[in-house]
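Worksheet for the structure shown next.
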Amino acid sequence: MRFLLLSDIHANLEALEAVVADASGLYQQVVCLGDIVGYGPDPNTTTEWVQENCAAVIRGNHDRAAIDLEEAQRFNPVAALAAGWTNSAMSESNLEYLNQLPSGPLDAGGFDLVHGSVLDEDQYVVDPTDAVEPLRAQTADLVFFGHTHLQGGFSCHNSDRCVVALPAAGLLSTSRGQSYLINPGSVGQPRDEDWKAAYAIYDTATGEVEFRRCEYDVEATQRKIVDAGLPGVLAERLALGR
Ligand code: ZN
């Protein structure tokens, strides 16, 4: 089975559509690692797409904030403003869909999905030091995560527990006896200084994870952000990949 791994779509419909077109023919099932909404201008259409197309979905902190504005007040001012806008822009049924999403870890068929880590759905796993405790705590050998918007990940051998960062591009062959924490990157708001939409394909038959990027109409998304009255910085950052 080949899975299309999506994370941090952030209501960016142009990026989501470009990824789906780019990945056409490469997968049989789709899974989503949370933050469907927040920051971006299309929270309804992206939520409806996820609901219709994903076999397994977990919530992210921005999905929680869109339904709980007290939670949103803990965000920085721009993110809090975007969460309030998202709440008012979304239909009742789409908000209800977000509200019933589980937190991770969720077994998606021999591997687990988390937003931050198995220890804390809000944890930012950015470097190998951050990954030590989550890798030790995870029960599945392979865990996919999001939240940092950084494509790549970490692994350790199950005997020595020495954590290394994985190459954040191309094809990764996973091997037995190793634990992996892998981030497909962000579809709708990459932060690794590459503006192109990020995603990954996981093939359970070969154990290979392919990190992929694709171009999308970033100017169209930027125009929608400005037209919606969302902070201009949210449009600007998309072109910079930060
Ligand atoms: Zn996010």
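The values are calculated or read from the model by the stated rules, or taken from the named source; none is laboratory data. This structure is a prediction, so every number in the text was calculated from the model and none was measured. Cβ atoms come from the backbone with ideal geometry, glycine included; neighbour counts cover every protein chain shown. We work out accessible area using only protein heavy atoms, side chains counted, and drop any ligands, DNA or RNA first. Shrake-Rupley method; radii C 1.70, N 1.55, O 1.52, S 1.80 Å.
Reported value for the range 14-142: 126 Å³ per residue, from the convex hull of its C-alpha atoms. Here the Debye sum runs over all C-alpha atoms of the range 129-222 as equal scatterers in vacuum, and log10 of I(q)/I(0) at q = 0.10, 0.16, 0.19 Å⁻¹ comes out as -0.28, -0.65, -0.86. Equivalent-ellipsoid semi-axes for the range 8-63 (Cα gyration tensor, √(5λ), whole Å, largest first): 18, 13, 9.
Here the chain exposes an accessible surface that is 47 percent carbon and sulfur, computed with a 1.4 Å probe and the other protein chains kept in place.
Around the amide H of Gln178, modelled in the peptide plane, lie the amide H atoms of Asn158, all under 5 Å away and 5 or more residues distant in sequence or on another chain. Hey, if you drop one equal point scatterer on each alpha-carbon of the range 88-159 and run the Debye formula without solvent, what base-10 log of I(q)/I(0) do you get at q = 0.17, 0.22 Å⁻¹? Debye curve over Cα of the range 88-159, log10 I(q)/I(0) at q = 0.17, 0.22 Å⁻¹: -0.67, -0.96.
Applied to the range 161-171, the Karplus parametrisation 6.51 cos²θ - 1.76 cosθ + 1.60 on θ = phi - 60° returns per-residue 3J(HN,Hα) values of 6, 7, 8, 10, 7, 8, x, 8, 7, x, 9 Hz, with x for Gly and Pro.
Taking the helices alone, the chain has a mean residue ellipticity at 222 nm of -9500 deg cm²/dmol, built from -39,500 (n - 2.57) per DSSP H run of at least 4 residues and averaged over all its residues.
The residues packed around Asp42, meaning those with a beta-carbon under 13 Å from its beta-carbon, carry a net charge of -3 if Lys and Arg are +1 and Asp and Glu are -1.
For the range 56-130, the relative contact order works out to 32 percent when only alpha carbon pairs closer than 8 Å and six or more residues apart are counted.
What the Cβ-Cβ distance of Arg223 and Glu133 gives, at R0 = 35 Å and to the nearest 0.05, is a FRET efficiency of 0.25. If you take all other residues with their beta carbon under 9 Å from the beta carbon of Asp203, and give Lys and Arg +1 and Asp and Glu -1, the sum is -1.
Angle of helix 43-53 to the longest C-alpha principal axis of the chain, folded into 0 to 90 degrees and rounded to 10: 40°.
Which angle from 0 to 90°, rounded to the nearest 10, does the C-alpha axis of helix 128-137 make with the longest principal axis of the chain? On a 0 to 90 degree scale, this one is about 70.
Seen from all directions on average, the chain presents a Cα convex hull projection of 11.6 nm². Centroid-to-centroid, using Cα positions, the range 21-62 and the range 72-115 are 11 Å apart.
Restricting to the chain, compute how many DSSP beta bridges are antiparallel as a %, nearest 5. In the chain, DSSP labels about 70 percent of beta bridges as antiparallel.
Heavy-atom accessible surface of the chain, averaged per residue, reaches 41 Å², computed with a 1.4 Å probe.
Can you list the residues, at least 5 places off or on another chain, whose amide H is less than 5 Å from the amide H of Ala197, using H built in the peptide plane? Amide H neighbours of Ala197, under 5 Å, 5+ apart: Cys214, Tyr216.
Charged neighbours of Glu121, selected by a Cβ distance under 13 Å, balance to -4 (K, R count +1; D, E count -1).
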